[in-house]
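These notes concern the structure reproduced below.
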Amino acid sequence: MKMTYQTIELVQEGKTATLYLNRVQSMNAMDVNMLQELTSCLKEIASSDIKLLFITGRGRAFSAGGDVKTMLSSNDESQFQPVMETIKEMIITLYTLPAITVSFLNGAAAGLGLSFALASDYLIAEKQAKVAMNFINIGLVPDGGGHFFLKKRLGEHIAKHIIWEGKTLSSDEALQIGMIDSVYEGDTEEQMQLWKMKMEARPLQAMIATKNIFSNQETSLLVDTLNLETENQLQMRKTKDHREGVAAFLEKRVAQFTGQ
């Protein structure tokens, strides 16, 4: 596969590929360009012979989430629906990808970045990594299928609390509650090579067939969830709490929410 991107990088070795999020200066926060490039790249992978996909971040973070400065501080609501449609397409493509996907959290994974990682088949984190479903801190609800993936991994009760509290969890805390699958120490590139050797010795076609059976059963629910997240996100963007949350984020202060 020969593709050139501005915000991501794809490295292929046989039927294994590594997708790097590559907006290092922004801790790999997802702006519109990255969302579009990720969607395009995943679609290309879906039609290729790649059977094993690793996803990680360049620099010191997996992804800080949606780029708040460029996506949430704008008053132009005309761009909201197209962005949410791109997120929907990206998440569905990753969830249904005919390849085994493994996200390596080499650093912070927050908000939309965490939803994106949760769409993978395996989610493993470096010992010092942190995760946070922190939309609530700017008066929003999770998107990118965050409700769907957290409910599947944690159950509704715990998922609600994780979403409502919006606090940052260590990799060990995330492992303990089942949000991630394992924790590793050391170099991410070395860890990916170990996984490559292990997974390429497995019957990947049979594994992918099982993945397809499950995803065929669940994709309609994921689509419904993504649509509901879009509807509710639009409503939340109009609240005073959201405006206060964004202002507090940009001004680097504690938000003063009023429930309005």
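Do you know which residues across the stretch 91-139 are aliphatic (A, V, I, L, M) and open to solvent by 10 Å² or more (accessible area, probe 1.4 Å)? Reasoning before the result, please.
Taking the stretch 91-139 as the starting set, the residues that turn out to be aliphatic (A, V, I, L, M) are 91-92, 94, 97, 99-100, 102, 105, 108-110, 112, 114, 117-119, 123-125, 129, 131-133, 136, 138.
Within the stretch 91-139, ILE92, ALA108, ALA110, ILE136, ILE138 meet the criteria.
Residues of the stretch 191-211 being in contact (Cβ under 8 Å) with a residue 12 or more places away in the chain and more than 14 Å from THR56 (Cβ to Cβ), which ones? First the steps, then the outcome.
Here is the first cut: in the stretch 191-211, the residues in contact (Cβ under 8 Å) with a residue 12 or more places away in the chain are 191-192, 195-196, 199-200, 204-205, 207-208, 211.
Matches in the stretch 191-211: MET199, GLU200, LEU204, GLN205, MET207, ILE208, LYS211.
May I ask you to list the residues in the stretch 27-39 that are part of a helix (DSSP H, G or I) and farther than 25 Å from LYS196 by Cα?
At the first step, the residues of the stretch 27-39 found to be part of a helix (DSSP H, G or I) are 32-39.
Scanning the stretch 27-39 gives VAL32, ASN33, MET34, LEU35, GLN36.
I'd like to verify a number: residues in the stretch 223-260 that are more than 22 Å from PHE149 (Cβ to Cβ), buried (at least 16 other Cβ atoms within 10 Å of the Cβ) and among the hydroxyl-bearing types (Ser, Thr, Tyr), how many?
1
Name the residue, out of SER215, SER220, that is open to solvent by less than 20 Å² (accessible area, probe 1.4 Å), modelled with pLDDT of 95 or more, of a type in the set (Gly, Ala, Ser) and assigned to a helix (DSSP H, G or I). Walk me through it before giving the result.
Numbers: SER220 fails: open to solvent by less than 20 Å² (accessible area, probe 1.4 Å).
Among SER215, SER220, only SER215 is open to solvent by less than 20 Å² (accessible area, probe 1.4 Å), modelled with pLDDT of 95 or more, of a type in the set (Gly, Ala, Ser) and assigned to a helix (DSSP H, G or I).
Condition first: assigned to a strand (DSSP E or B) and surrounded by 13 or more Cβ atoms within 10 Å (Cβ to Cβ). Now tell me which residues in the stretch 1-26 satisfy that. Don't jump to the end; show me each part of the working.
Looking only at the stretch 1-26, we keep the residues that are assigned to a strand (DSSP E or B), and these are 8-13, 16-21.
Across the stretch 1-26, the qualifying residues are ILE8, GLU9, LEU10, GLN12, THR16, ALA17, THR18, LEU19, TYR20, LEU21.
On the basis of being modelled with pLDDT of 95 or more, of a type outside the set (A, V, I, L, M) and either at positive phi or within 14 Å of the chain's Cα centre (by Cα) (or both), does GLY66 make the cut? Steps first, please.
Working: modelled with pLDDT of 95 or more: no; of a type outside the set (A, V, I, L, M): yes; either at positive phi or within 14 Å of the chain's Cα centre (by Cα) (or both): yes.
No, not satisfied.
Go through the stretch 37-57 and report how many residues are open to solvent by 30 Å² or more (accessible area, probe 1.4 Å) and not polar (S, T, N, Q). I'd like the intermediate steps shown before the answer.
Within the stretch 37-57, the first condition is being open to solvent by 30 Å² or more (accessible area, probe 1.4 Å), and the residues that meet it are 40, 43-44, 46-49, 51.
Still in the list and also not polar (S, T, N, Q): 43-44, 46, 49, 51.
Result for the stretch 37-57: 5.
Return the only residue of PHE80, PHE104, PHE62 being farther than 20 Å from PRO142 by Cβ and aromatic (Phe, Trp, Tyr). Reasoning before the result, please.
Working: PHE80 fails: farther than 20 Å from PRO142 by Cβ; PHE62 fails: farther than 20 Å from PRO142 by Cβ.
The unique qualifying residue is PHE104.
So, in the stretch 158-193, how many residues would count as being at pLDDT 95 or above and either part of a strand (DSSP E or B) or among the basic types (Lys, Arg) (or both)?
6
So TRP195 passes all but one of these: (1) within 20 Å of LEU97 (Cα to Cα); (2) open to solvent by 60 Å² or more (accessible area, probe 1.4 Å). Which condition number does it fail?
That leaves (2) as the condition not met.
Within the stretch 179-187, identify whether any single residue is closer than 30 Å to GLY259 by Cβ and touching a residue at least 24 places away in the same chain (Cβ under 8 Å), and answer yes or no. Spell out the reasoning first.
We begin by selecting, within the stretch 179-187, every residue closer than 30 Å to GLY259 by Cβ; these are 179.
Restricting the remaining residues to those that are touching a residue at least 24 places away in the same chain (Cβ under 8 Å) gives 179.
Yes, the stretch 179-187 contains at least one residue that is closer than 30 Å to GLY259 by Cβ and touching a residue at least 24 places away in the same chain (Cβ under 8 Å).
The values are calculated or read from the model by the stated rules, or taken from the named source; none is laboratory data. Note that the coordinates shown come from a computational prediction; the quantities given were computed from them, not determined experimentally. For neighbour counting, all protein chains shown are included, and Cβ atoms are generated from backbone atoms with ideal geometry for every residue, glycine included. Ligands, DNA and RNA are excluded from the accessible area calculation, which covers all protein heavy atoms including side chains. Shrake-Rupley method; radii C 1.70, N 1.55, O 1.52, S 1.80 Å.
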